[in-house]
Amino acid sequence: MCGIVGAAAKRDVLPLLLAGLKRLEYRGYDSAGVAVIDKEQCLRRTRSAGRVADLERALAGGDAPSGRTGIAHTRWATHGPPTEINAHPHVAGKIALVCNGIIENHEALRAAHLDRGVKCASETDTEVALNEITLHAQNGLGLLEAVKAALASLEGAYAICVISAEQPNRLIAARRGSPLVVGIGDGEAFIASDMAALVSVTREFYVLEDGDIADINGGKISITDRAGRKQRRAPRTTSLSAGEMDKGGHRHYMLKEIYQQGAAIASTLEGRITGSRLLEECFGAGAGEIFDRAKSVRILACGTSYHAGLAASYWLERRGVPCRAEIASEFRSRPHAAPGDCLVVTLSQSGETIDTLAALQVAREHGFGPALTICNSPDSALVRESDLALLTHAGPEIGVASTKAFTTQLVALRLLAIALGRRFNLAEDEEARLVRELRELPAKVEKAIQLEPVIAEIARRFADKHHALFLGRGAHYPIALEGALKLKEISYIHAEAYPAGELKHGPLALVDADMPVISVAPNNRLLAKLKSNIEEVRARGAKLIVFADPASEIRSQDNLEVVDIAPVDNSLAPIIYTIPLQLLAYHVALIKGTDVDKPRNLAKSVTVE
């Protein structure tokens, strides 16, 4: 989950490296560092605990390095606390290395290194990779061969980038599970964990595949696969622009991304529905045949994506499609009895979530069936590993707490429910109605966002709160889960979500005047039961906030505040009711004074176990 940037250029690379780190800071912000080979061919390094801004201050306070080759890193701590000594780049002699991921056999390698008299300067697992490379270099191997020899000894999922003062125009990068791209310049080349880091210097990229090694030498780029065979990777042109990576006048990225949801949903639908029909070809070549064979669905995802999958399981089962949503990290580690003709659906914003990738591999090994991925990154590992792919077109999402990635996943899953529903119990006129509602969805999202001033006022009541309870029923239980997750992620308030019908089975013991209870109350067939649950909570003196359809006839009264949500079809209500919960979490975080876009201990892309 750390961020890597590297450059071999015709100009001073320090400004490029720092700009790239700022765009990658969502991947980790415990510490940061940079190493540059200067014009005297000396390796110069500066590191700092904290954010990239702290690194900039450290550079401003001293003699900032200048050179044409360098690497930089922003860290999310795994092994060793977020201190300067554990910050990357790590340096041994004339070699410097940055790494994203985990070296699983670091303890055995460290012990072997100590036996050879090699001392470690940090508590990180990364340093053993550097020491392994250095030992091979000391035995007479060149930089590229030393890296290759070291890689043969390393176990885990990681990406590395290496430079040496002895070869000042050279940069070696390798991918083993964690994402890495090579930016193509005019006689220059760049390395990053994400294309977004480099959009100010290039729009052309090679996307490294698992096992690839990139050798950048004087601006020339050579890529070999795991077996050492030279590869001709097709360059990709990104549609990202530098302007998309700023806050667009908003106070935080998260707020910008909340406001972008209507447009992101419209983009996700574009070209996928026409008239009153879903265009099934949007799922990829051969989708129709795969869907024809599917007798059930297994959804695999983590975090927010799991909540989207859980909501979709209600939609699919309503259409007669047997469906089960599972947390990917649990699925990958338990025994399996694979059903026949099962469509495996993976969800991930980045397409690089390591537990989801591993779960997909396990599903394949157990013969579950073909795989469809729904994600936001066309060049990701999940897209490459899946038979079908549906991209969400959410655009870059920088805030750690996912917003538009979640709602566009829900929209994509609605399309899947229509496609599979055709094979079960979905009539043509019903499909036409569902498609019409999808067309109207972006405007209804915009209307929900207009509730922000009302929700900002409600958020003031959370100033002294430390706990909250979220309630939902049916397909809105996953939305309650998502609301609780957002609140805990960015405001640090302990929040739990329960199906409202489970109140009497335990959660009711927590309810008192100091615990706000938040509920979503669309006007559906479960409304009468939900009203009873609300009264159970009110009777215990709790203060309730209910987001409700006006037709629900729930009215504000003592200890109960109702926020009216514009009427929406029941099938799309989970998407609309997500919006006020996002806004509530955002404004509570403002009141609590937390770092909204970069909550403590979290990073955006979970690419390590």
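The values are calculated or read from the model by the stated rules, or taken from the named source; none is laboratory data. Only a predicted model underlies this, so the values are computations on that prediction, with no experimental measurement involved. Neighbour counts are summed over all protein chains in view; Cβ atoms, including those assigned to glycine, are modelled from backbone coordinates with ideal geometry. Note: areas computed on protein heavy atoms with side chains; ligands, DNA, RNA excluded. Shrake-Rupley method; radii C 1.70, N 1.55, O 1.52, S 1.80 Å.
Couple of notes before you dig in:
Yes/no matrix, rows are residues, columns are (1) open to solvent by 40 Å² or more (accessible area, probe 1.4 Å); (2) farther than 19 Å from residue 394 by Cα; (3) of a type in the set (S, T, N, Q); (4) within 20 Å of the chain's Cα centre (by Cα):
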{"site": "179", "(1), (2), (3), (4)": "no, yes, no, yes"}
{"site": "202", "(1), (2), (3), (4)": "no, yes, yes, no"}
{"site": "206", "(1), (2), (3), (4)": "yes, yes, no, no"}
{"site": "210", "(1), (2), (3), (4)": "yes, yes, no, yes"}
{"site": "216", "(1), (2), (3), (4)": "no, yes, no, no"}
{"site": "222", "(1), (2), (3), (4)": "no, yes, yes, no"}
{"site": "231", "(1), (2), (3), (4)": "yes, yes, yes, no"}
{"site": "276", "(1), (2), (3), (4)": "yes, yes, yes, no"}
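- Tally, over the range 525-551, of residues that are assigned to a helix (DSSP H, G or I) and not charged (D, E, K, R): 9
- Taken together, the residues in the range 219-236 that are farther than 15 Å from residue 180 by Cα and assigned to a strand (DSSP E or B) amount to 3.
- Within the range 136-170, the set of residues being within 28 Å of residue 381 (Cα to Cα) and hydroxyl-bearing (Ser, Thr, Tyr) comprises 153, 158.
- Failed item in (1) free of Cβ contacts under 8 Å to residues at least 60 places away in the same chain; (2) closer than 29 Å to residue 376 by Cα; (3) surrounded by 20 or more Cβ atoms within 10 Å (Cβ to Cβ); (4) over 26 Å from the mean Cα position of the chain (by Cα), with residue 188 passing the rest: (1)
- Options 558, 512, 564; residue that is touching a Gly at 6+ places or on another chain (Cβ under 8 Å), open to solvent by 50 Å² or more (accessible area, probe 1.4 Å) and more than 30 Å from residue 83 (Cβ to Cβ): 512
- Test: residue in the range 56-70 that is assigned to a strand (DSSP E or B) and either out of contact with any strand residue (DSSP E or B) (no Cβ under 9 Å at 6 or more places or on another chain) or of a type in the set (Gly, Ala, Ser) (or both): yes
- The range 82-117, subset closer than 24 Å to residue 144 by Cα and of a type in the set (Val, Ile, Thr), residue most open to solvent (accessible area, probe 1.4 Å): 91
- Test for residue 605: is it of a type in the set (Ser, Thr, Tyr), in contact with a strand residue (DSSP E or B) (Cβ under 6 Å, 6 or more places away or on another chain) and at pLDDT below 85: no
- Only residues that are in contact with a helix residue (DSSP H, G or I) (Cβ under 6 Å, 6 or more places away or on another chain) and open to solvent by 10 Å² or more (accessible area, probe 1.4 Å) were counted across the range 475-495, and they come to 2.
One line per residue, one yes/no per condition, for (1) in contact with a Ser or Thr (Cβ under 8 Å, 6 or more places away or on another chain); (2) among the polar types (S, T, N, Q); (3) open to solvent by 30 Å² or more (accessible area, probe 1.4 Å):
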{"position": "372", "(1), (2), (3)": "yes, no, no"}
{"position": "393", "(1), (2), (3)": "yes, no, yes"}
{"position": "418", "(1), (2), (3)": "no, no, no"}
{"position": "422", "(1), (2), (3)": "no, no, yes"}
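- Scanning the range 18-41 for residues that are surrounded by fewer than 24 Cβ atoms within 10 Å (Cβ to Cβ) and of a type in the set (A, V, I, L, M) yields 18, 19.
- Members of the range 237-260 found to be in a helix (DSSP H, G or I) and of a type in the set (Val, Ile, Thr), listed by number: 258
- Residue within the range 565-579 that is farther than 21 Å from residue 445 by Cα and either in contact with a helix residue (DSSP H, G or I) (Cβ under 6 Å, 6 or more places away or on another chain) or of a type in the set (Ser, Thr, Tyr) (or both) present: no
- When the range 194-218 is filtered for residues that are within 24 Å of residue 149 (Cβ to Cβ), of a type outside the set (Asp, Glu) and in a loop (DSSP other than H, G, I, E, B), the ones remaining, listed by number, are 208, 211, 218.
- Residues considered: 112, 129, 146. Of these, the only one that is farther than 25 Å from residue 73 by Cα, of a type in the set (A, V, I, L, M) and part of a helix (DSSP H, G or I) is 112.
- Annotation note: of 367, 309, the sole residue that is farther than 26 Å from residue 240 by Cβ, small (Gly, Ala, Ser) and under 24 Å from the mean Cα position of the chain (by Cα) is 309.
- Residue 238 meets each of the listed conditions (1) open to solvent by less than 20 Å² (accessible area, probe 1.4 Å); (2) under 18 Å from residue 71 (Cα atoms) apart from (2).
- Taken together, the criteria exclude residue 279 from residues that are in contact with a strand residue (DSSP E or B) (Cβ under 8 Å, 6 or more places away or on another chain) and modelled with pLDDT of 95 or more.
- Residue 69 of a type in the set (S, T, N, Q), open to solvent by less than 40 Å² (accessible area, probe 1.4 Å) and in contact with a helix residue (DSSP H, G or I) (Cβ under 8 Å, 6 or more places away or on another chain): no
- Complete set of residues in the range 317-333 that are over 9 Å from residue 296 (Cβ atoms) and either surrounded by 17 or more Cβ atoms within 10 Å (Cβ to Cβ) or under 19 Å from the mean Cα position of the chain (by Cα) (or both): 318, 319, 325, 326, 327, 328, 329, 330, 331, 332
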